[in-house]
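Asks: Got a structure for you, questions after.
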Amino acid sequence: MIVDVIILSYAKEDSVIVMNNECIDSINNSTTEHKFNIILVETESTKTYKYHQDNVTVVQPNEEFNYNKYLNIGLKYCNNDWILISNNDTIYHRWFLERLLEANEQDNELLSMSPMDDGWHRHALFNRDFDIHYGHRTSYEIAGWSILMHKSVLNKIGNFDEDFKFWYQDDDYAKTLSKNNIKHALITKSKVTHLLSKSHHFIEDSKKFEMTDGLGIKFHKKWG
């Protein structure tokens, strides 16, 4: 099976290229059973990027960064049943995809899932005797840095709301899933390591409020 992967990047520094490669390699090396079609949507449009992995397509929109708009651009390159949306500061552990797909096999109505970061999710106090934890809470069941969704989810909810340029994107996704009665779960046997906000400092000071807390105004206006 081939899984489409959308990763957003802002390669303003060489360290981001290193981080992108580590993320991509961890995805590719996580399984021998499945293949990945990786779409890297790159904010830095003044340079040409070529990655050593032969399954990477670099897309460079010539427009201002907008998280959800860039995701929607990436979706145009997706042709497979499953789509993984990933931050570039995420490292995937062995068999993460198999554990997610096994959860879907147990419940074929489970069409959106996140893997678990043991460090981050220690605050959630999940009962580890159970592998599938249903819910729509961000930072709990929904981990915005890594979401595997079936294409039928997008057929039902449409593209991502481009009003959410950065923060509150995952909150909006969570509310949209809940509104449409689409199941989501955290799968505790599927493991990742999230390195946490490695590109936030690239946001210009003049735009930080607009891209972060300012989006809370739009979120609460939309959802109450």
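The values are calculated or read from the model by the stated rules, or taken from the named source; none is laboratory data. Everything numeric in this text was worked out from a predicted model, so none of it was measured. Don't worry about glycine lacking a Cβ; one is built from the backbone with ideal geometry, like all the others, and counts go over all protein chains shown.
Asks: Restricting the search to region 152-172, which residues are part of a loop (DSSP other than H, G, I, E, B) and in contact (Cβ under 8 Å) with a residue 24 or more places away in the chain?
Replies: First, the residues of region 152-172 that are part of a loop (DSSP other than H, G, I, E, B): 158-165, 167.
If the condition is that a residue be part of a loop (DSSP other than H, G, I, E, B) and in contact (Cβ under 8 Å) with a residue 24 or more places away in the chain, then Asn159, Phe160, Asp161, Glu162, Asp163, Phe164, Lys165, Trp167 are the ones that fit.
Asks: Specify the residue that is nearest to His93 (Cα to Cα); the eligible residues are those in region 105-120 that are loosely packed, with under 15 Cβ neighbours inside 10 Å and touching a residue at least 12 places away in the same chain (Cβ under 8 Å).
Replies: Here is the first cut: in region 105-120, the residues loosely packed, with under 15 Cβ neighbours inside 10 Å are 105-109, 118-119.
From the residues that got through so far, the ones that are touching a residue at least 12 places away in the same chain (Cβ under 8 Å) too are 106-107, 109, 118-119.
Numbers: Gln106: 21, Asp107: 23, Glu109: 25, Asp118: 12, Gly119: 14 Å.
Restricting to residues being loosely packed, with under 15 Cβ neighbours inside 10 Å and touching a residue at least 12 places away in the same chain (Cβ under 8 Å), the top hit is Asp118.
Asks: Taking region 98-151 only, how many residues are part of a helix (DSSP H, G or I) and of a type in the set (Asp, Glu)? Before you say what the answer is, go through the steps one by one.
Replies: Taking region 98-151 as the starting set, the residues that turn out to be part of a helix (DSSP H, G or I) are 98-106, 120-124, 151.
Subsequent filtering for residues that are of a type in the set (Asp, Glu) retains 98, 102, 105.
Residues that pass the stated criteria total 3.
Asks: Restricting to region 139-174, name every residue that is closer than 20 Å to Ala103 by Cα, polar (S, T, N, Q) and either buried (at least 20 other Cβ atoms within 10 Å of the Cβ) or modelled with pLDDT of 95 or more (or both). Outline the logic, then answer.
Replies: Just the residues of region 139-174 that are closer than 20 Å to Ala103 by Cα, to begin with: 139-154, 174.
When the remaining residues are screened for being polar (S, T, N, Q), the result is 139, 146, 152.
Matches in region 139-174: Ser146, Ser152.
Asks: Here's something else I'd like to know. If His34 meets every condition in (1) at pLDDT below 95; (2) closer than 25 Å to Asn104 by Cβ apart from one, which number is that one?
Replies: Failing condition for His34: (1).
Asks: Return the only residue of Tyr92, Tyr67, Tyr77 being surrounded by 19 or more Cβ atoms within 10 Å (Cβ to Cβ), within 20 Å of Asn159 (Cβ to Cβ) and not β-branched (Val, Ile, Thr).
Replies: Values: Tyr92 fails: within 20 Å of Asn159 (Cβ to Cβ); Tyr77 fails: surrounded by 19 or more Cβ atoms within 10 Å (Cβ to Cβ).
From the options Tyr92, Tyr67, Tyr77, the qualifying one is Tyr67.
Asks: Right, another one. With the requirement that a residue be surrounded by 19 or more Cβ atoms within 10 Å (Cβ to Cβ) and either closer than 18 Å to Ser190 by Cα or touching a His at 6+ places or on another chain (Cβ under 6 Å) (or both), what does region 5-35 give you?
Replies: Answer for region 5-35, where residues must be surrounded by 19 or more Cβ atoms within 10 Å (Cβ to Cβ) and either closer than 18 Å to Ser190 by Cα or touching a His at 6+ places or on another chain (Cβ under 6 Å) (or both): Val5, Cys23, Ile24, Ile27, Ser30.
Asks: A further question on this structure: Given (1) hydrophobic (A, V, I, L, M, F, W, C); (2) more than 22 Å from Leu177 (Cα to Cα); (3) surrounded by fewer than 20 Cβ atoms within 10 Å (Cβ to Cβ); (4) out of contact with any Lys or Arg (no Cβ under 8 Å at 6 or more places or on another chain), identify the lone condition not met by Ile38.
Replies: Result: Ile38 passes all but (3).
Asks: So the check is Cβ under 6 Å with 6+ separation or different chains; which pairs have a first residue in region 67-94 that's on the phi < 0 side of the Ramachandran plot and outside any strand (DSSP E or B) and a second one that's surrounded by fewer than 20 Cβ atoms within 10 Å (Cβ to Cβ) and of a type in the set (S, T, N, Q)?
Replies: Filtered contacts from region 67-94: Asn72/Asn159.
Asks: A further question on this structure: For region 16-55, which residues satisfy the criterion of being free of Cβ contacts under 8 Å to residues at least 12 places away in the same chain and either closer than 17 Å to Leu195 by Cα or charged (D, E, K, R) (or both)?
Replies: Val18, Lys50, Asp54
Asks: Tally time: how many residues in region 88-131 are over 21 Å from Lys151 (Cα atoms) and either of a type in the set (S, T, N, Q) or within 14 Å of the chain's Cα centre (by Cα) (or both)?
Replies: 8
Asks: Does any residue in region 208-224 that is farther than 19 Å from Lys69 by Cα come within less than 9 Å, Cβ to Cβ, of a residue that is surrounded by 14 or more Cβ atoms within 10 Å (Cβ to Cβ) and not hydroxyl-bearing (Ser, Thr, Tyr) six or more places away or on a different chain, and which pairs are these?
Replies: Pairs that qualify, where the first residue is farther than 19 Å from Lys69 by Cα and the partner is surrounded by 14 or more Cβ atoms within 10 Å (Cβ to Cβ) and not hydroxyl-bearing (Ser, Thr, Tyr), are Trp223/Asp171; Trp223/Asp172; Trp223/Lys175.
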